[in-house]
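Heads up, the thing below is written out as structure tokens.
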Amino acid sequence: MNRNPDVDAWLDAYDNPMKPVVMAVREAILASDDRMSETIKWQAPTFIYKGNLASFFPKAKVHATLMFHKGAEIAGDFPSLEGDGKEARTMKFADLAEVEAKGAELAAIVRAWCDGKDG
């Protein structure tokens with residue numbers, strides 16, 4: 001996996017009840033496609049491959065939320081991507097069970113993003 005020590009350090013200092021969920025989502029994203037990597041942007045973990053795929057909303061305390069910066073442009077049907085704006089979409093995870101339940105869809109989003117950037 002393309003782990004970044006800066007993200008490890010950010011998570012070590014992250015004091016939030018959703019930390020286990022954020023960590024599980026991170027693992028799921030990085031395991032989805034070898035092309036995906038991570039960094040810290042906008043003071044939060046951000047997943048990147050030839051552009052910014054998604055960033056966490058670090059202050060959310062009821063659920064872990066990912067903002068997909070160009071979510072509307074990702075090819076495919078992803079029912080868990082919320083929003084109807086021109087570009088951004090969000091995906092929320094209330095708990096570890098929801099990370100598990102949405103894992104296949106999340107992996108498909110990551111692969112679709114990477115494939116679209118290589119196409």
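Taken over region 108-119, the criterion of being modelled with pLDDT of 95 or more and of a type in the set (D, E) is satisfied by D115 alone. Per the listing L66, L11, the residue uniquely closer than 25 Å to G119 by Cβ and out of contact with any Lys or Arg (no Cβ under 6 Å at 6 or more places or on another chain) is L66. Quick check on S80: is it out of contact with any Gly (no Cβ under 6 Å at 6 or more places or on another chain), touching a residue at least 60 places away in the same chain (Cβ under 8 Å), among the hydroxyl-bearing types (S, T, Y) and more than 19 Å from W10 (Cβ to Cβ)? No.
The condition of being surrounded by 17 or more Cβ atoms within 10 Å (Cβ to Cβ), under 12 Å from the mean Cα position of the chain (by Cα) and modelled with pLDDT of 95 or more holds for only one of E98, E38, E105, E27, that being E38. Flag: G85 matches the condition of being more than 23 Å from D118 (Cα to Cα), out of contact with any strand residue (DSSP E or B) (no Cβ under 9 Å at 6 or more places or on another chain) and surrounded by fewer than 20 Cβ atoms within 10 Å (Cβ to Cβ).
Scanning region 28-56 for residues that are at negative phi and touching a residue at least 24 places away in the same chain (Cβ under 8 Å) yields a count of 20. Within region 8-20, identify whether any single residue is touching a helix residue (DSSP H, G or I) at 6+ places or on another chain (Cβ under 8 Å) and surrounded by 20 or more Cβ atoms within 10 Å (Cβ to Cβ), and answer yes or no. So far as region 8-20 goes, no, none of its residues is touching a helix residue (DSSP H, G or I) at 6+ places or on another chain (Cβ under 8 Å) and surrounded by 20 or more Cβ atoms within 10 Å (Cβ to Cβ).
The values are calculated or read from the model by the stated rules, or taken from the named source; none is laboratory data. On a predicted model such as this, the values are computed, not experimentally measured, just so you know. When we count neighbours, we look across all protein chains shown, and the Cβ atoms used for this are built from the backbone with ideal geometry, even at glycine.
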